[in-house]
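A short worksheet on the structure shown next.
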Amino acid sequence: MESSKLRKITEQEKVLLKYLITSVNYRTENNWEEKIRVKSLDDGNMGSLELFLNNYFRKDRIFGEQIAECYFFDTDDVKVIASLNIDDNGDLYELDVWKTDFSPLSEIPKDINQFFHSSIDI
């Protein structure tokens, strides 16, 4: 993968990732917020991201497991489920975002009080 396709995370993405990482006490590098780069996934603009720390590219990375999940409501009051996944080596892998009506995501909340632990009952 070309590093030119990667970008820094937005402030809203950072708030969501930090919430998920903290909710499960996942141990990551100091200053991960500055080191992480993301690639938007082709998901109909729902907001899913592939995650890379320190420009670490491993072509054979594969999904390991989901470690955290929450939900929030988009500006149109549609439920959005966000899952944090790690790869088979235990490294941050993907932020999977699914808007339950499959429409594009308008906005990730800026306030962590708008995130809720998920029990996936759609």
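The values are calculated or read from the model by the stated rules, or taken from the named source; none is laboratory data. Every value quoted in this text rests on a predicted model; they were computed, and no experiment measured them. Cβ placement follows ideal geometry from the backbone for every residue including glycine, while neighbour counts extend to all protein chains displayed.
Scanning segment 11-31 for residues that are farther than 12 Å from Asp111 by Cα and in contact (Cβ under 8 Å) with a residue 40 or more places away in the chain returns Leu17, Leu20, Ile21, Ser23, Val24, Tyr26, Thr28. Taking the options Lys59, Lys39, Lys35, Lys99, name whichever one is more than 20 Å from Thr10 (Cα to Cα) and basic (Lys, Arg). One residue alone meets the criteria, Lys59. Tyr19: among the hydroxyl-bearing types (Ser, Thr, Tyr), surrounded by 13 or more Cβ atoms within 10 Å (Cβ to Cβ) and more than 22 Å from Lys5 (Cα to Cα), yes or no? So Tyr19 passes the test.
Checked against the criterion of being charged (D, E, K, R) and touching a helix residue (DSSP H, G or I) at 6+ places or on another chain (Cβ under 9 Å), the candidates Glu29, Glu94, Glu34 yield just one match: Glu29. Criterion applied to Asp43, Asp60 was being outside any helix (DSSP H, G or I), surrounded by fewer than 12 Cβ atoms within 10 Å (Cβ to Cβ) and at pLDDT below 90, and the one residue passing it is Asp60. Counting the residues of segment 63-77 that are surrounded by 13 or more Cβ atoms within 10 Å (Cβ to Cβ) and more than 16 Å from the chain's Cα centre (by Cα) gives 0. Right, Asn54: under 27 Å from Asn113 (Cβ atoms), surrounded by fewer than 13 Cβ atoms within 10 Å (Cβ to Cβ) and at pLDDT below 95 or not? No, not satisfied. The single residue among Asp77, Asp91, Asp87, Asp111 that is in contact with a strand residue (DSSP E or B) (Cβ under 6 Å, 6 or more places away or on another chain) and among the charged types (D, E, K, R) turns out to be Asp87.
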